[in-house]
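**Q** Dumping the structure here so I can ask a few things about it.
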Amino acid sequence: MLDGFMPGSEDELAAFIAHSAEAQTPVEVCGNGTKRAIGRPVQTAGKIGTGNLTGVTLYEPSELVIAARAGTPLSEVEALLDEHNQMLAFEPADMTPLTGKSDVAEPPTIGSVFATNTSGSRRVLRGAARDHLLGVRAVNGRGETIKWGGRVMKNVTGVDLARGLSGSWGTLAVMTEVTMKVLPKPEDTRTLMLFGLPDEAAIALCCAAMGTPYEVSAAIHIPASMAARLSNQELGGLGRAITALRLENFPESTQARAEKLEQQIGTFGEVYTIGNEPSLEFWRDVRELRFLTGSQFPLWRITTAPSRAVGMVNAIRAQLDCQAAYDWSGGLVWLELAPSRDADATDLRRIIADFEAHATLIRAPLAMRSAVEVFHPLPAANMTLSQKLKAAFDPAGILNPGRMYPEV
């Protein structure tokens, strides 16, 4: 359990934040603390954890809507959805293993998923976490309760508060309840795999597959060194890179689409198709980011246009020792960088600037996270806007000060 103040109600939380604002006392905002090792270290007098704000407050399976208090474990929300053959379509990942926080016993909370806008492989088809947020309740830095949205998309009017809070890492307000849309789970999953492709061919394949009408729901390329970390020893033991394309729906559909897609991509190499159970196991590994665990090298999460991804990684490799995996058809690059010199961060950002990419440092020692820019630097105009938002939501600057940027 996270040490610190754990309010049992929204009113308790509001009173605590109001008192902290009046006393000018900065506080660290967490769910269960599973992502505390990501971002810039914060200097605060105390911590707020939402782990006691739990429970599903609304679930209407026929309307594809669920609401839960922010501290509700993600696993609890997904277990309830699973009982009704439904799911969170954006596949939020548990990044706890990446940070080496094995002492964290509590699971990630649903509030932390949206506070960090954590989205998995299905983002290429279904969008990011924030795109599924219908409504939110939160307490701002004044100790005021704010709310936005409703239970259906047509009720979402006015300022899009959800997009402002999603990805703000607790620097603007503390979420207390989230309402989100869900989707039916697919009846069948099939995965088309090719082995040993170089990066250039693999990303060309992924982009070609995403351009077909066969509704590919995930496209990833994992190098051999990272594929060896997968729990599926048969795949990991091949010693070859894995390029995987996922198809989902009902069995007749996935089979027909898999056959047609295989015909189109056969020129890239021999295609292997695996069925539902092994597919679920593989994509569970991907969602748990197992191919990134077991290493202590600094890990960067870089987003760019898929067409630029391989060129960007090659440019980085020309100057720095690294290895990379590509998700989102190349739009998301997971880059392990060695050795862990602080100056490498400056070199990395200089190189990726030519590719209009954005980089966030996900795993690194505390000293490195204190010395380098963890989140991607903002242009002056964007920083000014961020500072104005901070002043509006949290005028005393007490919520996670400096977590993302020193100025916010």
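**Q** Just checking, which of Val65, Val77 is of a type in the set (A, V, I, L, M) and over 20 Å from the mean Cα position of the chain (by Cα)? Outline the logic, then answer.
**A** Values: Val77 fails: over 20 Å from the mean Cα position of the chain (by Cα).
The conditions single out Val65.
**Q** Kindly indicate the residue of the stretch 359-374 that is surrounded by fewer than 16 Cβ atoms within 10 Å (Cβ to Cβ) and not small (Gly, Ala, Ser) and also farthest from Tyr326 (Cα to Cα) among those meeting that condition.
**A** It comes out as Leu366.
**Q** Being exposed (fewer than 13 other Cβ atoms within 10 Å of the Cβ), outside any strand (DSSP E or B) and among the hydrophobic types (A, V, I, L, M, F, W, C): is that true of Ala315 here? Reasoning before the result, please.
**A** On the way: exposed (fewer than 13 other Cβ atoms within 10 Å of the Cβ): no; outside any strand (DSSP E or B): yes; among the hydrophobic types (A, V, I, L, M, F, W, C): yes.
So Ala315 fails the test.
**Q** For the list (1) more than 22 Å from Gly4 (Cα to Cα); (2) at pLDDT 95 or above, I need the number of the one condition that Leu98 fails.
**A** Unmet for Leu98, out of (1) more than 22 Å from Gly4 (Cα to Cα); (2) at pLDDT 95 or above: (2).
**Q** (1) crowded, with 23+ Cβ neighbours inside 10 Å; (2) over 18 Å from Gly402 (Cβ atoms): which one isn't true of Glu60, the others all being true?
**A** Answer for Glu60: the failing condition is (1).
**Q** Tell me which of these Ser340 doesn't satisfy, since it passes every other one: (1) at pLDDT 95 or above; (2) of a type in the set (Ser, Thr, Tyr); (3) in contact with a helix residue (DSSP H, G or I) (Cβ under 8 Å, 6 or more places away or on another chain).
**A** (1)
**Q** Please determine, by comparing only the residues of the stretch 274-298 that are among the small types (Gly, Ala, Ser) and crowded, with 16+ Cβ neighbours inside 10 Å, which one is nearest to the chain's Cα centre (by Cα).
**A** Initially, the stretch 274-298 is screened for residues among the small types (Gly, Ala, Ser), giving 275, 279, 294-295.
Applying the additional criterion that residues be crowded, with 16+ Cβ neighbours inside 10 Å yields 279, 295.
Details: Ser279: 21, Ser295: 19 Å.
By that ranking, first place goes to Ser295.
**Q** Now for a separate question. Which pairs have Cβ atoms under 7 Å, sit 6 or more apart or on different chains, and link a residue in the stretch 364-376 that is within 15 Å of Phe297 (Cβ to Cβ) to one that is crowded, with 18+ Cβ neighbours inside 10 Å?
**A** Short answer, once both residue conditions are applied: Ala364/Pro298; Met368/Pro298; Arg369/Arg40; Arg369/Leu361; Val372/Ala345; Val372/Leu361.
**Q** OK, next. Which of the residues belonging to the stretch 231-256 are touching a residue at least 60 places away in the same chain (Cβ under 8 Å) and among the charged types (D, E, K, R)?
**A** Arg246, Glu248
**Q** Out of the residues in the stretch 139-165 meeting the condition of being among the small types (Gly, Ala, Ser), modelled with pLDDT under 95 and not in a strand (DSSP E or B), tell me which one is farthest from the chain's Cα centre (by Cα).
**A** As a first pass, look at the stretch 139-165 and keep what is among the small types (Gly, Ala, Ser): 141, 143, 149-150, 158, 162, 164.
Checking which are modelled with pLDDT under 95 leaves us with 149-150, 158, 162, 164.
If we keep only those that are not in a strand (DSSP E or B) as well, we get 150, 158, 162, 164.
Numbers: Gly150: 24, Gly158: 26, Ala162: 16, Gly164: 16 Å.
This residue is Gly158.
**Q** Could you say which residue among Ala324, Ala359 is in contact with a helix residue (DSSP H, G or I) (Cβ under 7 Å, 6 or more places away or on another chain), at pLDDT 95 or above and under 15 Å from Gln296 (Cα atoms)?
**A** Working: Ala359 fails: under 15 Å from Gln296 (Cα atoms).
After applying the criteria, what remains is Ala324.
**Q** Can you list residue pairs whose Cβ atoms sit under 7 Å apart, with the first residue in the stretch 301-326 being under 20 Å from Val286 (Cβ atoms) and the second being among the aromatic types (Phe, Trp, Tyr) and buried (at least 16 other Cβ atoms within 10 Å of the Cβ)? Count only pairs 6 or more apart in sequence or on different chains.
**A** Here the result reads Arg301/Trp334; Thr304/Phe355; Ala309/Tyr326; Ala324/Trp334; Ala325/Phe291; Ala325/Trp334, each pair linking the stretch 301-326 to a residue that is among the aromatic types (Phe, Trp, Tyr) and buried (at least 16 other Cβ atoms within 10 Å of the Cβ).
**Q** If I go through the stretch 1-39 residue by residue, how many of them are more than 23 Å from Glu106 (Cα to Cα), among the small types (Gly, Ala, Ser) and either in the same structural domain as Trp300 (by TED's automatic domain parsing) or in a loop (DSSP other than H, G, I, E, B) (or both)?
**A** Of the residues in that region, 1 qualify.
**Q** Taking the stretch 299-310 only, how many residues are surrounded by fewer than 16 Cβ atoms within 10 Å (Cβ to Cβ) and part of a helix (DSSP H, G or I)?
**A** Summing the residues that are surrounded by fewer than 16 Cβ atoms within 10 Å (Cβ to Cβ) and part of a helix (DSSP H, G or I) in the stretch 299-310 gives 1.
**Q** Right, another one. Within the stretch 322-336, does at least one residue satisfy the condition of being over 17 Å from Ser217 (Cβ atoms) and small (Gly, Ala, Ser)? Give the steps one after another, and end with the answer.
**A** Of all residues in the stretch 322-336, those over 17 Å from Ser217 (Cβ atoms) come to 322-325, 333-336.
Now narrow it down to the ones that are small (Gly, Ala, Ser): 324-325.
Yes, the conditions are met somewhere in the stretch 322-336.
**Q** Here is a follow-up. Quick test of your reading of the structure: Ala219 fulfils all but one of (1) in contact with a helix residue (DSSP H, G or I) (Cβ under 9 Å, 6 or more places away or on another chain); (2) in a helix (DSSP H, G or I); (3) small (Gly, Ala, Ser). Name the failing condition by number.
**A** The number of the failed condition is (2).
**Q** Further question on the same structure: Conditions first: (1) assigned by TED's automatic domain parsing to the domain that holds Arg142; (2) in contact with a helix residue (DSSP H, G or I) (Cβ under 7 Å, 6 or more places away or on another chain). Thr179 passes all but one, so which condition is the exception?
**A** Only one criterion is unmet by Thr179, namely (2).
**Q** Out of Glu144, Glu177, Glu106, Glu187, which single residue is in contact with a Phe, Trp or Tyr (Cβ under 9 Å, 6 or more places away or on another chain) and not β-branched (Val, Ile, Thr)?
**A** Glu187
The values are calculated or read from the model by the stated rules, or taken from the named source; none is laboratory data. Note that the coordinates shown come from a computational prediction; the quantities given were computed from them, not determined experimentally. Cβ sites come from the backbone with ideal geometry, for glycine too, and all protein chains shown count toward neighbours.
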